[in-house]
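Accompanying notes for the structure given below.
The values are calculated or read from the model by the stated rules, or taken from the named source; none is laboratory data. Computed from a prediction, not measured in an experiment: that's the story for all the values here. Cβ placement follows ideal geometry from the backbone for every residue including glycine, while neighbour counts extend to all protein chains displayed.
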Amino acid sequence: MIRPLLYLIKTYGCQMNVNDSEFISGQMEDMGYKMTSEINQADIIILNTCCVRKKVEHKIYSMAGKISQIKKEKPDLIFGICGCLAQKEKEHVHKKIPAVDLIFGPSQASSFKDILEHFLENKTRKAIIDCDNRKHFRLQNIPAKHRHPISSYVQIMKGCNNFCSYCIVPYTRGPEESRPTEEILSEIKKLVDYGYKEIFLLGQNVNSYGNGIEDHVNFLTLLSRINDIEGIERIRFTTSHPKDFNLDLIKVIKNGEKICEHIHLPIQSGSDKILKKMNRKYDMKQYYRIINHIKKYIPDASITTDAMVGFPGETEEDFQYTLQAFKNIRFDSAYTFIYSNREKTLASLFDKQTSLLTNKKRLWRLIDIQKDISTEKNKSIIGKTVEILVENKSKKGIEQQYWGKTRTNKVVVFSNQHNEYDSNEDLLGQLAYIKIQRADTYTMYGELVDVKIK
Ligand code: SAM
Ligand code: SF4
């Protein structure tokens, strides 16, 4: 029997890249390819890349070297590099990795099938480079293979116009563009028909959704219309930009029964001087005002953030402002980074003053504070019963152990051992009520109390 052709996609970076990889996979499956996780078995290997920080670039080039070696033994292997690194340095990628056959940017993920067909038709097997990030994005009727049977990403916009001075994204993903509302709603209705319970809206700055489209919609009206779709249990979204986050949105979240009480609001720094140099367009007074509004109107909401240390010109005093903001606000969790100098960005021209060692120490000081806060917050839930959407069986493969997330995005692992629900009952996709028995920094653990069977 002839075996089907196999593909492997390795995805680096953010949820946007994961979403792009889902579209690439969907198109490959449509062409008859099957997914494999065995690199030596694959007939096509795609690296979907990131370049937000330098460290990941090293990993990608090292993986590309490994694939080039495999291709020496297996010349028919098709090797593609796509995503933000491909977009940023297509010529360099082409020169440095001659084995690569396909180089395309994030805007081409939805036209992957055309790119591959074009390559296969060409007998000379000349490499294809397609990185036009100004291309309008079309996602309608593009097949996607979703990573998850319960929760699905839905991209509502592409690109970014904010040009934070440290960030490469506006250069790799191009200008901001909102996807037509009706297209988003019809995709969500289809996902609901397939049985998805959670919709995760994606955009670099979801709060500016609607700019440039005709039918007078904005993020608030979009959320309200999605909230009205029958069959959805939960709506999540990321990322919100503090400069565009307002009280009206807080009220929509509060009143939208399906909109989860989790707000990811990247702070980046607690120092007004640094925020200004970052071109973030808000100061700490504004940031605190939003946080106070959230805490007032949705007291149970979880608030998470992104922050970086070592931005050019950051002094110990500036860093202290960030530490203090973390202590005052008490985020539920945080992604924390050391500033990485990205060529082309405005900040790459700024003088750098802090050493890597200082930055590492600052990062650890920030992480230590956040870890304590996250642990304390999780432990405060011990003894309470929380509602979770059951997403999967426990990764450790322990019999009758599952995990899911609270509406506030906290991971809960639970066992069903002493319960009336027998092991055959499929809990996946159900809303379950879990009594929390213990908790650490990243996870809470408990026992199943009840299930809301839909
Ligand atoms: N659009 C989102 C926003 O406005 O926050 C996030 C996009 S970015 C890919 C995710 C996070 O990476 C940012 O919030 C920032 O903290 C971090 N980041 C971006 N550029 C960085 C850089 N040059 N060095 C270190 N961290 C960076
Ligand atoms: Fe980058 Fe700022 Fe755009 Fe986020 S809002 S993607 S950090 S430029």
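The set of residues in the stretch 347-359 being assigned to a helix (DSSP H, G or I) and farther than 16 Å from Gln268 by Cα consists of Ser348, Leu349, Leu356, Leu357, Thr358.
Considering the conditions (1) under 28 Å from Glu176 (Cβ atoms); (2) outside any helix (DSSP H, G or I); (3) aliphatic (A, V, I, L, M), Val18 is excluded by exactly one of them, (2). Thr181 passes every criterion in (1) more than 20 Å from Met278 (Cβ to Cβ); (2) within 16 Å of ligand 1 (Cβ to nearest atom); (3) among the hydroxyl-bearing types (Ser, Thr, Tyr) apart from (2). Given the structure, is Leu85 buried (at least 17 other Cβ atoms within 10 Å of the Cβ), among the aliphatic types (A, V, I, L, M) and within 16 Å of ligand 2 (Cβ to nearest atom)? Against the criterion (buried (at least 17 other Cβ atoms within 10 Å of the Cβ), among the aliphatic types (A, V, I, L, M) and within 16 Å of ligand 2 (Cβ to nearest atom)), Leu85 qualifies.
(1) in contact (Cβ under 8 Å) with a residue 60 or more places away in the chain; (2) crowded, with 20+ Cβ neighbours inside 10 Å; (3) within 16 Å of ligand 2 (Cβ to nearest atom): which one isn't true of Ser302, the others all being true? (3) is the only condition that Ser302 fails.
Remark: Ala347 falls outside the filter, which requires a residue to be surrounded by 21 or more Cβ atoms within 10 Å (Cβ to Cβ) and among the small types (Gly, Ala, Ser). Would you please name the residue that is nearest to Lys158 (Cα to Cα), looking only at residues in the stretch 104-124 that are of a type in the set (S, T, N, Q) and within 26 Å of the chain's Cα centre (by Cα)? Applying the filter and picking the extreme gives Ser107.
May I ask you to verify whether Glu187 is more than 16 Å from ligand 2 (Cβ to nearest atom), surrounded by fewer than 16 Cβ atoms within 10 Å (Cβ to Cβ), among the acidic types (Asp, Glu) and modelled with pLDDT of 90 or more? In short, no. Selection of first residues in the stretch 160-179 that are closer than 19 Å to Gly310 by Cβ and of second residues that are more than 6 Å from ligand 2 (Cβ to nearest atom) and outside any loop (DSSP other than H, G, I, E, B), restricted to Cβ pairs under 6 Å at least 6 apart or on distinct chains, gives the following pairs, ordered by first then second residue: Ser165/Leu346; Ser165/Ala347; Tyr166/Ala347. Among the residues of the stretch 157-169, some residue qualifies, meaning at least one is farther than 20 Å from Tyr282 by Cβ and touching a Pro at 6+ places or on another chain (Cβ under 6 Å). Among the residues of the stretch 254-282, those identified as on the phi < 0 side of the Ramachandran plot, within 16 Å of ligand 1 (Cβ to nearest atom) and assigned to a loop (DSSP other than H, G, I, E, B) are Leu265, Pro266, Ile267, Ser269, Gly270, Ser271, Met278, Arg280, Tyr282. When residues in the stretch 222-245 are screened for being more than 16 Å from ligand 1 (Cβ to nearest atom) and under 15 Å from Val206 (Cβ atoms), 7 of them pass. Filtered by the rule that a residue be within 16 Å of ligand 2 (Cβ to nearest atom) and either crowded, with 21+ Cβ neighbours inside 10 Å or of a type in the set (D, E, K, R) (or both), the stretch 165-184 gives Tyr166, Ile168, Val169, Thr172, Arg173, Gly174, Glu176, Glu177, Ser178. When the stretch 36-74 is filtered for residues that are buried (at least 20 other Cβ atoms within 10 Å of the Cβ), more than 19 Å from the chain's Cα centre (by Cα) and not aliphatic (A, V, I, L, M), nothing remains. Being surrounded by fewer than 19 Cβ atoms within 10 Å (Cβ to Cβ), among the hydroxyl-bearing types (Ser, Thr, Tyr) and away from ligand 2 (no atom under 13 Å from the Cβ) is a condition met by no residue of the stretch 230-245. Scanning the stretch 8-35 for residues that are closer than 22 Å to Glu117 by Cβ, under 23 Å from the mean Cα position of the chain (by Cα) and not acidic (Asp, Glu) yields Leu8, Ile9, Ser21, Phe23, Ile24, Ser25, Gly26, Gln27, Met28, Met35. As a summary of the residue check, Glu230 satisfies the conditions (1) closer than 20 Å to Ala334 by Cβ; (2) assigned to a loop (DSSP other than H, G, I, E, B); (3) not aliphatic (A, V, I, L, M) except for the one numbered (1).
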